[in-house]
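Here the structure is laid out as structure tokens; the discussion comes afterwards.
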Amino acid sequence: MLSDAIKQEIESHIHEPEHRAAACTEALRIVQRERGWIDDESLAEVAEFLGMSPHELDGVATFFNLIHRRPVGRHVIRVCASVSCWVMGYEGLREKLLAHLGVEMGETTADGRFTVVPNQCLGCCDRAPALMIGRDLYRDVNPDALEAILEPYR
Amino acid sequence: MSDPTHDLPLTGAIKTDGTPLSLREYEAIGGYAAVRAALSGLAPADVTARVKDAGLRGRGGAGFPTGIKWALVPMGDDAPHPKYLVVNADEMEPGTFKDRLLLEGNPHQLIEGVILAAYAIQADIAYIFLRGEYTVAEDRLHHALHEAYEAGYLGRHILGGPWSLGLHLHMSIGRYICGEETALLNALEGKRATPRTKPPFPQISGLWGKPTIVNNVETLCNVPPIVARGAEWFKGLSRTPNGGTKMFGVSGKAKRPGLWERPLGTTIGEILDLAGGMRDGLTLRGIIPGGASTDFLGPEHLDVQMDFDTVPKVGSRMGTGTMILLDDRTCPVGMVHNLMQFFAQESCGWCTPCRDGLPWVQKVVGAIEAGQGREDDLDVLRRHARLLGPGLTFCALAPGATAPLGSALVRFKDDFERHIRDQRCAWN
Ligand SMILES: Cc1cc2nc3c(=O)[nH]c(=O)nc-3n(C[C@H](O)[C@H](O)[C@H](O)COP(=O)(O)O)c2cc1C
Ligand code: SF4
């Protein structure tokens, strides 16, 4: 069940009442923020609330990069994989991070703490390589400093 | 950021401590004066005329004249409503990091630009379409929007006059194709972000079939100073007939990569100098001048002036104005492979040549880089660079991919051939 607070927040993104379904991407964001990922039940709930079919909403949910239709860890690490970061050492950073966490790209650590995914250009190309953890951006990332960066994310 | 030797209308006011200008600070340097002047003394058509006379061209990459675009919107009592103004803040072109600074540093200048543009086309509703990863910009825009509503610059009866405008922040859930303006409109409508057929153009039939203007962040940030200081002043900022300044960036192995506002017509070499030149011991081999979708240039192009008309004369485009450097210790084939991986992943899947062609290109370049290239691979790549080019796919994403691909196949031909001949990458 969508809580009243979530429903209210979704409503606040309906700017034109005749276009209720337009808020569906914002709704997916909000529900994912609360639940970590979008399971089938959440999908059905959001669809019903906005007057869409679940399949229609799934078509949207699976189109975009930032919505998870599978479980993820408590913190999602997005490593910038685009060209400026690639030139500045993306591959080394990626290998070090994956080895440190003991996972492959796209996987979640056994303790459910982190999921690592590649991300397209994070838009801070003069400070490459870069990654995000949740809402936080890290630039000029030194692979040797990864442990300290990850430490606060429990 | 500010530099006293230049007039810097976009960044001159941005603070060096990394905090954004508050509403009060922005007003103290003349912010929102252009909105006050326009709403009390200029007809909407006058605002459009001023932007047209200034020669402002779209900063999102294509360079379409902004005033001419606005003038295509139906006006007058018979015009369909609501009309929309949409800010393209989806900045996701690899190597591009210019709108981030404008959004984070001075969100009110963008909001003022939105109000002026919306007034010019008599829009009723405006949206800022912001990429989901720009969380700092999200928080700052939320705050700035709140301030602007409180001060009466947004909402019903702006500054007590007859015109009203609602401005909403929409957070994207991520896909490069959302930056393509018609795909962006589908995303705003809550649909899969595949592009639409053009024509009809959004100016006539955009969001929910209503007249809509989509403009880039940097484009709109230029509007308040143009309205405040006039077309002649704006034209005078540039070193070439293209009016104004431009955000220029450098990424890659320069000494001090960064972002600077400089006159249009600043040369590639001068921009590279701002970045301190190449790191010691490295030699410049290639330059992608304006984001991933532009053709490679080379060290022989340092004297080329960056503007919309000059860069095409040497076979590339200014694009977003943020250049990516290739040095002699980085493998060009690997770099092209990374770019093709991006375009293949971000293909929206709507049309066959792009959906099936780009993954093929990615695999072939990947095989060459991995030492498994075959004799005829370069022909396969050349054919794709041609067949995915401008006009042959449903939108400009695939042609964007062919720009670095096609130019690299010529400029770095020896490197590609050596990979195939030696069955290995000499850089790895
Ligand atoms: C695949 C693709 C991605 C694009 N991404 C962006 C973008 O992130 N930001 C942007 O302003 N324009 C982007 N554009 C260009 C827009 O379609 C459009 O031309 C632009 O927003 C118009 O604004 P302007 O005239 O102010 O430049 C993209 C185009 C294509 C084909
Ligand atoms: S060119 Fe690519 S991104 Fe554009 S419509 Fe076709 S498949 Fe989609």
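Residues of the range B:321-343 that are more than 22 Å from B:H419 (Cα to Cα) and either open to solvent by 10 Å² or more (accessible area, probe 1.4 Å) or of a type outside the set (S, T, Y) (or both): B:G321, B:M323, B:I324, B:F343. Of all residues assigned to the range B:384-396, none qualifies as being away from ligand 2 (no atom under 16 Å from the Cβ) and of a type in the set (S, T, N, Q). Pairs are defined by a Cβ separation below 8 Å, a sequence spacing of at least 6 or placement on different chains, a first member in the range B:156-173 that is under 17 Å from B:A37 (Cβ atoms) and within 14 Å of chain A (Cβ to nearest Cβ), and a second member that is of a type in the set (A, V, I, L, M, F, W, C) and open to solvent by less than 40 Å² (accessible area, probe 1.4 Å); the pairs so defined are B:L165/B:I115; B:L165/B:A118; B:L165/B:A123; B:L165/B:I125; B:L165/B:A126; B:L165/B:L154; B:L165/B:I158.
Among the residues of the range B:373-383 satisfying the criterion of being assigned to a helix (DSSP H, G or I) and out of contact with any helix residue (DSSP H, G or I) (no Cβ under 9 Å at 6 or more places or on another chain), which is farthest from ligand 2 (Cβ to nearest atom)? Among residues in the range B:373-383 that are assigned to a helix (DSSP H, G or I) and out of contact with any helix residue (DSSP H, G or I) (no Cβ under 9 Å at 6 or more places or on another chain), the one farthest from ligand 2 (Cβ to nearest atom) is B:D379. Right, A:R113: over 25 Å from B:G190 (Cα atoms) and crowded, with 19+ Cβ neighbours inside 10 Å or not? Criteria not met by A:R113.
How about the range B:312-336: which of its residues are at the interface with another protein chain (Cβ under 9 Å from one of its Cβ atoms) and assigned to a helix (DSSP H, G or I)? Within the range B:312-336, B:G334, B:M335 meet the criteria. Listed by first and then second residue, the pairs with beta-carbon distance under 7 Å, at least 6 apart or on different chains, first residue in the range B:128-145 and within 11 Å of another protein chain (Cβ to nearest Cβ), second open to solvent by 60 Å² or more (accessible area, probe 1.4 Å) and not acidic (D, E), are B:T135/A:R135. Of the helices (runs of 4 or more DSSP H) entirely within the range A:66-154, those holding at least 3 residues that are within 13 Å of another protein chain (Cβ to nearest Cβ) occupy A:83-87, A:90-101. Taken over the range B:188-214, the criterion of being within 12 Å of ligand 1 (Cβ to nearest atom), within 14 Å of chain A (Cβ to nearest Cβ) and outside any loop (DSSP other than H, G, I, E, B) is satisfied by B:T212 alone.
Checking the stated criteria, B:E104 turns out to be over 20 Å from B:F201 (Cα atoms), assigned to a helix (DSSP H, G or I) and either of a type outside the set (A, V, I, L, M, F, W, C) or without any contact (Cβ under 8 Å) to a residue 40 or more places away in the chain (or both).
Close Cβ contacts (under 8 Å, 6 or more residues apart or on different chains) running from residues in the range B:26-39 that are over 15 Å from B:L10 (Cα atoms) to residues that are among the aromatic types (F, W, Y) comprise B:V35/B:Y119; B:V35/B:Y153; B:A38/B:Y119; B:L39/B:Y119; B:L39/B:W163. Here B:R196 fits the description: within 16 Å of ligand 2 (Cβ to nearest atom), over 30 Å from A:L131 (Cβ atoms), open to solvent by 10 Å² or more (accessible area, probe 1.4 Å) and not polar (S, T, N, Q). Among the candidates A:R29, A:R35, A:R70, the residue that is touching a Phe, Trp or Tyr at 6+ places or on another chain (Cβ under 9 Å) and charged (D, E, K, R) is uniquely A:R70. Among the conditions (1) part of a helix (DSSP H, G or I); (2) among the acidic types (D, E); (3) touching a residue at least 40 places away in the same chain (Cβ under 8 Å), B:D7 misses just one, which is (1). Only one of the numbered conditions (1) within 14 Å of chain A (Cβ to nearest Cβ); (2) away from ligand 1 (no atom under 13 Å from the Cβ); (3) not hydroxyl-bearing (S, T, Y) is violated by B:E91, and that is (2). One residue stands out among those in the range B:108-126 that are within 14 Å of chain A (Cβ to nearest Cβ) and touching a Leu at 6+ places or on another chain (Cβ under 6 Å): the one that is surrounded by the fewest Cβ atoms within 10 Å (Cβ to Cβ), which is B:A126. Restricting the range A:6-28 to residues that are away from every other protein chain (no Cβ under 12 Å) and open to solvent by 70 Å² or more (accessible area, probe 1.4 Å) leaves a set whose member that is farthest from B:L165 (Cα to Cα) is A:Q8. Of all residues being among the basic types (K, R) and farther than 23 Å from B:E93 by Cα in the range B:234-254, which is farthest from the other protein chains (Cβ to nearest Cβ)? Just the residue, please. Per the criteria, the residue is B:K235. Exactly one residue out of B:D309, B:D303 is within 22 Å of the chain's Cα centre (by Cα), away from chain A (no Cβ under 12 Å) and surrounded by fewer than 20 Cβ atoms within 10 Å (Cβ to Cβ), and it is B:D309.
The values are calculated or read from the model by the stated rules, or taken from the named source; none is laboratory data. The model shown is predicted, which means the values in this text are computed figures rather than measured ones. With ideal geometry, Cβ positions are generated from the backbone for all residues, glycine too; neighbour counts draw on all protein chains shown. The protein model used for the area step is the full one, side chains on, heavy atoms only, and it has no ligands, DNA or RNA in it. Shrake-Rupley method; radii C 1.70, N 1.55, O 1.52, S 1.80 Å.
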